[in-house]
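Everything on this sheet refers to the single structure shown next.
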Amino acid sequence: VAKARYKAPRGTADVLPEGRQDGAGHAAPGRLFLVHTAESVLGNAGYGYFESPVFEDTALFHRGVGESTDIVQKEMFTFEDKGGRSLTLRPEGTAPVCRAYVEHGMHKRPQPVKLWYAGPFFRHERAQAGRYRQFSQIGAEALGSDDPAVDAETIVLLARLLERAEVPRVRLRLSSLGSQDTRQQYAHDLRSFLRRRYKLLPSSTRHVFETNPLRAFDHDDPATKAVMRGAPRLLRRLPAADRKHFADVRALLGEAGVKFTTDGSLVRGLDYYTRTVFEFEAANLGAQKGVAGGGRYDGLVEALGGPATPGVGWAAGVERILIASARLWASSRVSLFVVSPAHEFRPQAFRAATELWKHDWMAQLSDFSRPLRHQFRLAHRHDADWVLIVDEGLTIRNMRSGRQREFASIDEVAGYLRRRSRSLAA
Ligand code: HAM
């Protein structure tokens, strides 16, 4: 066996039609299903499809995602272009959406502006199962309203997407961070609380907690966990307006039948969040159990130079959904293989296939340069349901039963296939 000299870079993977042996979320059918499902679930709720470039000015993420985050501190793929500008492969999609909102004057459109996106994102993380350096997200953002109904709407839509993907045993954790002022005051108090206990904490965590003390809730070592059990909780200190907003979001989720756990220790890895934050976890995923996460970011558009504009949204990890899902995706196409016994019938056989494509029917061309015997073997290997034999006439062989039937025209063939596939589907 030839050894591959070149391999996909660490933390990246090819997407193959039939999937890869390690089943790590890179099989084409599941990925296509998720994008089609997102288009239907989100499109039905009025979300329009959006794309942004795969790279942006580095400054956008410094300002948007936040200087103290792991993403900005150590995970960005940053490079200089030939003009000496610093560019970064997008690590996430919310800052680009807000940049586009400002750039295209979307505040003049009817509010809220609702967008969804799907595509590759890049973070230089330690690669492991469920964690890649290039991964795929499906995301949704609603900009221009601070109504709690919009928070609830986005969460319900995400829950529907995960249901359709048949992700089992998902848990929704929900919290509120209050307004930016509340959060800043709280971070200050939490830092003082931690400083008084630094002797009890691993020394390596200190500088992290100095820059962003909320991250202490996310640390798994037993000492930090023990200290954090006694830490002040932001949820208990929310001002009345934020408390009301959070209560409304929870009531609406109850209305929609979406189950959740209120969890004051929920912290997200990005700095822009205000008020509602949430995360969906799949119990069967192990260490990388976050399948999707999001929240409100009422100050982000303004921070990027736009008018004060509230926003809320989420992103779901495509690979993690597929790893967690109980569903097996297979290509649902009924397959037809076109073969031809002799060289002189090649043009007819070729034309037969192009006619079937016009009828929007699946038809796969065999390798006409090989003997008929070989062409039939190929049909077997492709697991074809039917073989269309093109010579002087048109014959269809049902590969399951072995029965054959002749036809006078391609229109007749297409009609027959349509009737048969309907009865097969029933
Ligand atoms: P995030 O929590 O950083 O949020 O990422 C969202 C999801 O992307 C995660 O729950 C996970 O499933 C997936 N993900 C993240 N990093 C990786 C990785 N290295 N490998 C595989 N999957 C990964 C955001 O990105 C925010 N922009 C979400 C948001 C939208 N908030 C408001 N609007």
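The values are calculated or read from the model by the stated rules, or taken from the named source; none is laboratory data. As the structure is a prediction and not an experimental result, all values here were calculated from the model. All Cβ positions, glycine included, derive from the backbone under ideal geometry; neighbour counts span all protein chains shown. With ligands, DNA and RNA removed, areas are computed over all heavy atoms of the protein, side chains included. Shrake-Rupley method; radii C 1.70, N 1.55, O 1.52, S 1.80 Å.
Looking at region 291-301 only, could you name the residues that are buried (at least 24 other Cβ atoms within 10 Å of the Cβ) and assigned to a loop (DSSP other than H, G, I, E, B)? Correct list: Tyr297 only.
Here Glu166 passes the criteria (1) assigned to a loop (DSSP other than H, G, I, E, B); (2) on the phi < 0 side of the Ramachandran plot except the one numbered (2).
Of all the residues in region 262-290, those that are assigned to a loop (DSSP other than H, G, I, E, B) and of a type in the set (Val, Ile, Thr) number 1. If you check Pro53 against the conditions, is it touching a residue at least 24 places away in the same chain (Cβ under 8 Å), more than 15 Å from the ligand (Cβ to nearest atom), assigned to a loop (DSSP other than H, G, I, E, B) and under 20 Å from Ser136 (Cβ atoms)? Yes, satisfied.
Within region 57-75, does at least one residue satisfy the condition of being over 30 Å from Val267 (Cα atoms) and among the small types (Gly, Ala, Ser)? No, region 57-75 has no match at all. If I ask for residues that are closer than 30 Å to Val150 by Cβ and of a type in the set (Lys, Arg), which ones from region 1-48 would you list? Matches in region 1-48: Arg31 only. Pairs are defined by a Cβ separation below 7 Å, a sequence spacing of at least 6 or placement on different chains, a first member in region 80-99 that is assigned to a strand (DSSP E or B), and a second member that is aliphatic (A, V, I, L, M) and open to solvent by less than 10 Å² (accessible area, probe 1.4 Å); no pair meets this definition.
Looking across region 43-89 at every residue that is within 14 Å of Pro120 (Cβ to Cβ) and within 16 Å of the chain's Cα centre (by Cα), the one that is most open to solvent (accessible area, probe 1.4 Å) is identified as Glu51. Just so you know, in region 90-104 the residues that are surrounded by fewer than 21 Cβ atoms within 10 Å (Cβ to Cβ) and not charged (D, E, K, R) include one that is farthest from the ligand (Cβ to nearest atom), and it is His104.
Give the residue, chosen from Ser179, Ser175, that is within 23 Å of Ala95 (Cα to Cα) and open to solvent by 20 Å² or more (accessible area, probe 1.4 Å). Sole residue among the options that is within 23 Å of Ala95 (Cα to Cα) and open to solvent by 20 Å² or more (accessible area, probe 1.4 Å): Ser179. Of everything in region 346-374 that is under 13 Å from Val387 (Cα atoms) and of a type in the set (S, T, N, Q), the residue that is nearest to the chain's Cα centre (by Cα) is Gln364. Sort out which residues of region 4-27 are in contact (Cβ under 8 Å) with a residue 60 or more places away in the chain and closer than 18 Å to Ala129 by Cα, and write them in order of number. Hits for region 4-27 are Pro9, Arg10, Gly11, Thr12, Ala13, Gly23, Ala24, Gly25, His26, Ala27.
All conditions but one from (1) under 25 Å from Val41 (Cα atoms); (2) in contact (Cβ under 8 Å) with a residue 12 or more places away in the chain apply to Pro110; the one that does not is (2). Residues that are among the aliphatic types (A, V, I, L, M) and surrounded by 16 or more Cβ atoms within 10 Å (Cβ to Cβ) within region 1-14 comprise just one, Ala13.
Looking across region 302-317 at every residue that is open to solvent by 10 Å² or more (accessible area, probe 1.4 Å) and closer than 21 Å to Tyr47 by Cα, the one that is farthest from the ligand (Cβ to nearest atom) is identified as Pro310.
Within region 306-321, residues that are hydrophobic (A, V, I, L, M, F, W, C) have Cβ atoms under 6 Å from residues that are near the ligand (Cβ under 6 Å from one of its atoms) and not in a loop (DSSP other than H, G, I, E, B) in these pairs: Trp314/Ala292; Trp314/Gly294; Ala315/Gln137; Ala315/Gly139; Ala316/Ala292; Ile321/Val291, counting only partners at least 6 apart in sequence or on another chain. Restricted to region 105-145, and to residues there that are part of a strand (DSSP E or B) and among the polar types (S, T, N, Q), the residue that is surrounded by the fewest Cβ atoms within 10 Å (Cβ to Cβ) is Gln128. Comparison of Arg215, Arg169, Arg195, Arg164 shows that the only residue that is open to solvent by 30 Å² or more (accessible area, probe 1.4 Å) and modelled with pLDDT of 95 or more is Arg164.
Quick check on region 333-342. Is at least one of its residues more than 30 Å from Ser145 (Cα to Cα), within 12 Å of the ligand (Cβ to nearest atom) and either touching a strand residue (DSSP E or B) at 6+ places or on another chain (Cβ under 6 Å) or in a loop (DSSP other than H, G, I, E, B) (or both)? Scanning region 333-342, I find no residue that is more than 30 Å from Ser145 (Cα to Cα), within 12 Å of the ligand (Cβ to nearest atom) and either touching a strand residue (DSSP E or B) at 6+ places or on another chain (Cβ under 6 Å) or in a loop (DSSP other than H, G, I, E, B) (or both), so the answer is no.
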